[in-house]
1. Hey, can you tell me all the residues within the stretch A:123-143 that are more than 7 Å from chain B (Cβ to nearest Cβ) and part of a strand (DSSP E or B)?
2. Which numbered condition in (1) closer than 30 Å to B:PHE207 by Cα; (2) without any contact (Cβ under 8 Å) to a residue 24 or more places away in the chain; (3) of a type outside the set (S, T, N, Q) is the only one that B:LYS97 fails?
3. Search the stretch B:216-233 for residues that are crowded, with 16+ Cβ neighbours inside 10 Å and pair each with any residue that is of a type in the set (S, T, N, Q) when their beta-carbon atoms are under 6 Å apart and the residues are at least 6 apart or on different chains.
4. Against the definition (open to solvent by 40 Å² or more (accessible area, probe 1.4 Å), closer than 22 Å to A:VAL29 by Cα and not small (Gly, Ala, Ser)), how does A:ILE107 come out, yes or no?
5. Looking for something part of a loop (DSSP other than H, G, I, E, B), open to solvent by less than 50 Å² (accessible area, probe 1.4 Å) and within 24 Å of B:PRO185 (Cβ to Cβ) - is there at least one such residue anywhere in the stretch B:73-93?
6. Would you point out the residue of the stretch B:147-178, among those that are within 13 Å of B:ASN110 (Cα to Cα) and open to solvent by 30 Å² or more (accessible area, probe 1.4 Å), that is nearest to the chain's Cα centre (by Cα)?
7. Output the residues belonging to the stretch A:125-145 that are open to solvent by 50 Å² or more (accessible area, probe 1.4 Å), farther than 28 Å from B:LEU229 by Cα and not charged (D, E, K, R).
8. I'd like to verify a number: residues in the stretch B:78-102 that are among the small types (Gly, Ala, Ser) and at pLDDT below 95, how many?
Amino acid sequence: MKRTITTGLLLALVGLAALAWAAGPLATVQARVQEVLTVLNDPALQGEDAKPARRDRLRQIAGRMFDFGTLARFTLGSKWRKLNSAQQQEFIQLYRQLLERAYLDKILAYTNERIVFEKEIPAAADRAEVQSTVVTATARIPIHYRLLAAGDTWLVYDVVIEGVSLVRNYRSQFNSILATQSPARMLQEMRQKLI
Amino acid sequence: MKVMKVMAMLAAVVLLLAPFCSAADAAGGAAAPSLTADDTGSKGAGVAADQNLDYLNDDDLDQAEISDPFENANRKVFKFNDGFYFQVAKPVATGYKKALPEDLRLSLRNFFDTLKAPARFGNCLLQANFTGAVTEFMRTTINILGGVGGLFDPATALDLPRQPEDFGQTLAVWGIGSGPYIVWPLLGPSSVRRTVGYVGDAFLDPFTLLGLDWWLPVVETPTRELNELSFRLGEYEAFKAAALDPYISMREAYAAFRQKQIESKANVEK
């Protein structure tokens, strides 16, 4: 009896410890990337016919990997307040679609590149950067993920490829559009781009 | 004697152009990523610049990364380059890629890269980056002797990575601002500082150093670029597809990438 209680207590402690420990930024990114690789290598999802299915699966993973709301807000920066809340919601959706459109096919074209996770660099208590390199036969591409703590997990809010921040690059484009046009026009342009 | 002459000419060019390279760069520099951007791998210092991750207090992130007073002209050249890519460069590179096996193209790339070694070595020295200079020197010696005259690159596997330094970066390390953004026909995104850098690096080109015929670099440059493009087909298309305003996207990416290159040297030094 006593032994059962001890074992139970021990198990509970281990469980608590596991919960408290959760996954760090590096482990989180690594896990998501592993999920992507699993989809890409899934024998049931090979071939041209399965492409929409693969795309769907990747989209689901992206939903768990990225904080699209924060990503969108950081991208617009101070201009975020120029949008009313309906426009903000639409912007998050359109921006997400734009990114998916731009990057999903690149990921689907992935072949045998090696992904090396180098390190995680804590910034503030709730921020971190995870540095990785994609090694192909002809190039080495440094890809750094910037993450924000979200409850017991971490979500990506920016990706920096070869020193070029996704958020910052898009921000300059949106800034340039909003310098001469209304938010409504900007959303219209985004919709057009997505057709 | 010849070196003196070169240095004097360079100094003259730098002085002439210095007024254009205003403080515009300082703004970009302050907001630029100061995270370890060490593409050589393990040696980077593990310190993140906190303000860099702070998107909440980030008014300077609203600034363009490089000044662009010639935007109208630049946009025209950008359009021309875009047309040139699709009408000429892409079809030619596609045929070239089909005709030559990847191994051969990689060897050509290594060979062309070795030709740039004196410039990289020289710029490491000019930046007082002695680790980089030694690395580049050892790497080139190994690649010439053990890599059949630079056709192969055994040095990278020996942890002697290429030191991507150029005279534009050297000028930046010396504290000279980038000056305005310039899009050159065929050459693409650049800045006043980078343009001076091309001239500076030309003095360290083996063709110049050996006093070879002028037409050799004229043939070499497009061949090198064609070979390089054969590895990068599709990148520009993807870039364009992702951008709302490809001109702005390219300009900002250029400035950020250069800033990273300039700073990555400092990490090797640490």
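1. Passing the criteria: A:ALA128, A:VAL130, A:GLN131, A:SER132, A:THR133, A:VAL134, A:VAL135, A:ILE141, A:ILE143.
2. That leaves (2) as the condition not met.
3. As it stands, the answer is B:PHE231/A:THR138, since those pairs meet every condition given.
4. On the way: open to solvent by 40 Å² or more (accessible area, probe 1.4 Å): yes; closer than 22 Å to A:VAL29 by Cα: yes; not small (Gly, Ala, Ser): yes.
For A:ILE107, the condition - open to solvent by 40 Å² or more (accessible area, probe 1.4 Å), closer than 22 Å to A:VAL29 by Cα and not small (Gly, Ala, Ser) - is met.
5. no
6. Only one residue fits best here, namely B:ARG162.
7. The one that is open to solvent by 50 Å² or more (accessible area, probe 1.4 Å), farther than 28 Å from B:LEU229 by Cα and not charged (D, E, K, R): A:ALA125.
8. Counting residues in the stretch B:78-102 that are among the small types (Gly, Ala, Ser) and at pLDDT below 95 gives 0.
The values are calculated or read from the model by the stated rules, or taken from the named source; none is laboratory data. All of these numbers come straight from a predicted model, not from anything done at the bench. No Cβ is skipped: glycine too gets one built from the backbone with ideal geometry, and neighbour counts run over all protein chains shown. Ligands, DNA and RNA are stripped out before the accessible areas are found, and what is left, the full protein with its side chains, is counted by its heavy atoms. Shrake-Rupley method; radii C 1.70, N 1.55, O 1.52, S 1.80 Å.
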